[in-house]
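First the structure, in the form of structure tokens, and then the observations on it.
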Amino acid sequence: MKIIVTGAHGFLGRCLLGLGSQHERIGWSRASGSVEGVFCHQVDLFDRGALTDLLDDIRPDWVINTAAITDVDGCELDPDAARTVNVDMVANLVAACDATGVGLAHISTDYVFDGTCGPYGEGDDTAPLSRYGALKLESEHLVLDGLARGMVVRTMWLYGYVAGARPNMITWPLSTLARGDALEIVADQWGNPTYGPDLAHALVELCAGEATGLWHVGGGSFMTRYEQVVELASFFHFDADRIGQTTTAALAQPASRPLRSGLCTEAVEKQLGWKPTTFVQSLEDLLRNERFRQDHAYLFESRKL
């Protein structure tokens, strides 16, 4: 199977390109260069004609679209830019894939829900609270209504470690705790954090099985963000007393967040014969990652890990 990964320099893109060589992988990004040993081509996702020509030339089986503006507050403050990337760009990919018969797997979010009664299944009603959630929901309809081989995979709270990726809810708390600084984490947002390699594996397997439609992929542990960071600190032998609690309302962020969220994964588990990784299992996996150990040597020098 030949797969194109858009947004190749992002966290999920890097996870996908680092999976291994069972399938041929091609990276598309705003800048060329090598990612996880795979060369990435500079491609303008806003040029619909060029996209169609490239797909016609390369003839991939699937495009996995990880390119997006995921800054929730940024989308609230600059809705035009957010629409350009999170909707208009997706429309270009849909048109190009439709013209060439290529499958498109598109990443969406639990922010399409209002967070009043999660965890949510694929058939539950959507009610986004933010511009980000509304735009991602709009992009879902573009893919599912516009393509016979269209797939939308919702996920949430993506985390893990890949060299060169931006900080997330593993790497940022660890570096903060290692400096001896205090943390304040929201304790009223619930969900099931998703391990990046898990999501990457599920995406590739869904594509290999020619799955279409809507799927939820989340982690195997349901917890608050505060509980996630406390468990992280405990696992790496940091003092959890330095982790304080706050509320979402106290942060006064521009965009509203779903509080009682989470994604039910029974459908994808049945489809793939797979169980999502629990939070502790993902931390144990990180301990076996040589690059993580090298880049986070401070965690291992005096912690008996």
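Over the stretch 153-305, calculate the relative contact order: mean separation of alpha carbon pairs under 8 Å at least 6 apart, over the residue count, as a percent.
Here the relative contact order equals 32 percent.
Do any trypsin sites (Lys or Arg not before Pro) in the stretch 109-216 lie in a DSSP loop with no more than 16 other beta carbon atoms within 10 Å, and if so, which? If you can, show how the numbers build up before the last one.
Working: sites: ARG131, LYS136, ARG149, ARG154, ARG179; in loops: ARG149, ARG179.
Of the trypsin sites (Lys or Arg not before Pro), the ones in loops of the stretch 109-216 whose Cβ has at most 16 other Cβ atoms within 10 Å are ARG179.
HN-Hα J couplings of the stretch 2-19 from phi, Karplus 6.51/-1.76/1.60, θ = phi - 60°, integer Hz, Gly and Pro as x?
Once rounded to whole Hz, the list reads 10, 10, 9, 10, 7, x, 5, 8, x, 4, 5, x, 5, 4, 5, 6, x, 5.
Suppose the chain between ASP73 and HIS141 were pulled fully straight at 0.36 nm per residue; how much longer would it get relative to their current alpha carbon spacing?
Additional length available on full extension: 22.2 nm.
7 Å from Cα along Cα→Cβ at both ASP53 and TRP172: what's the point-to-point distance in nm?
The modelled label-to-label distance comes out at 4.0 nm.
Percent relative contact order of the chain, based on C-alpha pairs within less than 8 angstrom and at least six residues apart? Don't skip to the end; give the middle numbers.
Working: 617 pairs, mean separation 55.3, N = 305.
Normalised by residue count, the contact order of the chain is 18 percent.
If you only keep lysine pairs separated by 8 or more in sequence, or across chains, how many in the chain come under 28 Å at the Cα atoms?
Within the chain, the lysine pair count is 5.
Can you compute the modelled spin-label distance between THR116 and ALA91, with each label point 7 Å from Cα toward Cβ, in nm?
Rounded to a tenth, the inter-label distance reads 3.1 nm.
Nearest-5 percent of antiparallel DSSP beta bridges in the stretch 147-292?
Around 15 percent of the beta bridges assigned by DSSP in the stretch 147-292 are antiparallel ones.
Write down the accessible area per residue of the chain in Å², having rolled a 1.4 Å probe over the full set of protein chains.
For the chain, the solvent-accessible area averages 43 Å² per residue.
Using 0.36 nm per residue of separation minus the Cα-Cα distance, give me the extension gain between GLU24 and GLU184 in nm, one decimal.
The GLU24-GLU184 span can extend by a further 53.3 nm.
The values are calculated or read from the model by the stated rules, or taken from the named source; none is laboratory data. These numbers come from a predicted model, not from an experiment. Note that each Cβ is placed from the backbone with ideal geometry, even for glycine, and that neighbours are counted across all protein chains shown. Calculation scope for accessible area: heavy atoms of the full protein, side chains included, ligands and nucleic acids excluded. Shrake-Rupley method; radii C 1.70, N 1.55, O 1.52, S 1.80 Å.
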